[in-house]
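Dropping a structure here in structure tokens format, bear with me for questions.
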Amino acid sequence: MAIRLRLALPLLLALSFSVAGSAAAAKLGGGGGGHGPLVGGWSPIKDVGGDRHVQELGGWAVERHAALASDGLRFRRVVSGEQQVVSGMNYRLVVDAADPKGTTASYVAVIYEQSWTNTRQLTSFDPAPKPH
């Protein structure tokens with residue numbers, strides 16, 4: 001009996017952790033039919049045009065890039081984006097920016113933000129891929 005209990009206990013613990021993890025994932029939006037962003041996965045930002053914070057992030061990203069690259073880009077608007085829940089939030093935004101001649105092009109800006117520590121980092125800023 002003691003041998004069976006010793007073998008069954010780790011299995012019971014593993015099962016209980018699995019059930020608890022599934023319940024937590026479902027609560028955070030990872031359960032297929034849940035609400036909210038999937039933890040660790042990218043989810044679309046529904047209304048980037050009406051989201052002041054997203055537009056502000058896009059403007060900040062262009063300003064930060066222009067300060068580092070000295071290319072004179074000016075922010076126009078965020079046209080689309082995705083977000084990823086991490087220990088904070090990652091944003092992958094497609095922004096329109098104009099060069100000093102006024103020519104507008106699209107760029108992909110990846111920004112990490114952790115609001116409770118006032119952390120904001122521009123992870124990357126690259127030309128957007130051309131649609132086929």
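Within the range 93-101, does at least one residue satisfy the condition of being acidic (D, E), surrounded by fewer than 18 Cβ atoms within 10 Å (Cβ to Cβ) and not in a strand (DSSP E or B)?
yes
Same structure again: Is there any pair linking a residue in the range 55-71 that is farther than 18 Å from T119 by Cα and open to solvent by less than 60 Å² (accessible area, probe 1.4 Å) to one that is in a helix (DSSP H, G or I) and not hydrophobic (A, V, I, L, M, F, W, C), with Cβ under 8 Å and at least six apart or on different chains, and which?
Short answer, once both residue conditions are applied: D71/H65.
Just to be sure I understand the filter: pairs with C-beta atoms under 6 Å, separated by 6 or more residues or on different chains, first member in the range 88-105 and without any contact (Cβ under 8 Å) to a residue 12 or more places away in the chain and of a type in the set (G, A, S), second member part of a strand (DSSP E or B) and open to solvent by less than 20 Å² (accessible area, probe 1.4 Å). Which pairs pass?
none
Related question: What about R52, is it in contact (Cβ under 8 Å) with a residue 24 or more places away in the chain, open to solvent by 40 Å² or more (accessible area, probe 1.4 Å) and not acidic (D, E)?
No; evaluated as a whole, the condition is false for this residue.
When you go through (1) more than 19 Å from F125 (Cα to Cα); (2) of a type outside the set (S, T, N, Q); (3) open to solvent by 40 Å² or more (accessible area, probe 1.4 Å); (4) modelled with pLDDT of 50 or more one by one for G88, which number turns out not to apply?
All conditions pass for G88, except number (3).
Conditions: (1) over 23 Å from P131 (Cβ atoms); (2) open to solvent by less than 80 Å² (accessible area, probe 1.4 Å). A105 meets all but one. Number of the miss?
(1)
Are any residues in the range 108-127 hydrophobic (A, V, I, L, M, F, W, C) and surrounded by fewer than 16 Cβ atoms within 10 Å (Cβ to Cβ), and if so, which ones?
W116
The values are calculated or read from the model by the stated rules, or taken from the named source; none is laboratory data. Values in this document were obtained by computation on a predicted structure and should not be read as measured data. We place every Cβ from the backbone using ideal geometry, glycine too, and count neighbours over all the protein chains shown. All accessible areas refer to the heavy atoms of the entire protein, side chains included, with ligands and DNA or RNA removed. Shrake-Rupley method; radii C 1.70, N 1.55, O 1.52, S 1.80 Å.
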